[in-house]
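Derivation of every value follows stated rules applied to the coordinates shown; laboratory data play no part. On a predicted model such as this, the values are computed, not experimentally measured, just so you know. A quick note on method: Cβ atoms are made from the backbone with ideal geometry, for glycine too, and the neighbour counts reach across all protein chains shown.
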Amino acid sequence: MRTSYLKYIKQYRKQQAQAMVEFIIVFPVLMLLTLGTFQVALVYNAKTTVNYAIFNAARVGAVSNADKDNIERAFIRGLAPLFTSIDDENSTINVKQLQIGRDKVKEIVDDGFVCIQRLNPTNEAFLDFGKADDGMIPNNNLMYRSSEIGGASQVSIQDANLLKLRVTYCHELIVPFFPNMLKLMVSDADPDGLTIDTDNNLFIKNCYLNGRMPIVSQAIVRMQSDIKNDIFPSCTSPL
């Protein structure tokens, strides 16, 4: 009887040790999956806000001659809710909290983690349709203007009046481990393999190297004012 009891105790201890080893192996994987799910949810929320912000910026640009500064300010206003907290007592967002959110986004823009590009109209479109006096592409009477294709831009003046913007926003990852994982993954990587757009691959690589996730969004609106050829960045220079 005693011998059977000792065998049972020995077998139970072996099972305990085995369970501990299995836990040590599985726990880090489960922890990474849990943290990863939480981080993905935060990135998805940021993507939704960026989509709204760039669309809001495009709408402002449509009525302000596609002015870069106005577009940038509108984007900052649109992205501010991502960094704005809610008053738990009243469940409202006051003016001070909203201003804090805008200041945070302005700081991110000034640090070089946001790049807004004008994809349309192109510089070639200004060569084809820019007015002689100020170089702006006219927006009036588009229905009655010729739809002839421009030689340099290969678009009509109607298509040149479509304002297309793209923003690349480097979203900060706050969940532990993931920023360092991104840095290790791309530290020696070829930047051409990091994005479908080779024009801003270096910007995106530096976004990864700073422990941030690049979020790209686009918006297209019809211009409601003449378009000036403002200077937009190419997103090819390092941060």
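For a protection proxy built on the mean count of beta-carbon atoms within 10 angstrom, sort 77-84, 131-138, 222-229, 98-105 highest first, please. Each step should come with its number before you reach the end.
Numbers: 77-84: 19.9, 131-138: 12.8, 222-229: 18.0, 98-105: 16.5.
Those peptides, ordered most packed to least, come out 77-84, 222-229, 98-105, 131-138.
Past the 21 Å Cα-Cα mark, which pairs from LYS68/LYS164; LYS106/LYS228; LYS164/LYS205; LYS104/LYS228; LYS96/LYS164? Before the final figure, lay out each step's value.
Values: LYS68/LYS164 13 Å; LYS106/LYS228 24 Å; LYS164/LYS205 24 Å; LYS104/LYS228 29 Å; LYS96/LYS164 33 Å.
Too far apart for the 21 Å limit: LYS106/LYS228; LYS164/LYS205; LYS104/LYS228; LYS96/LYS164.
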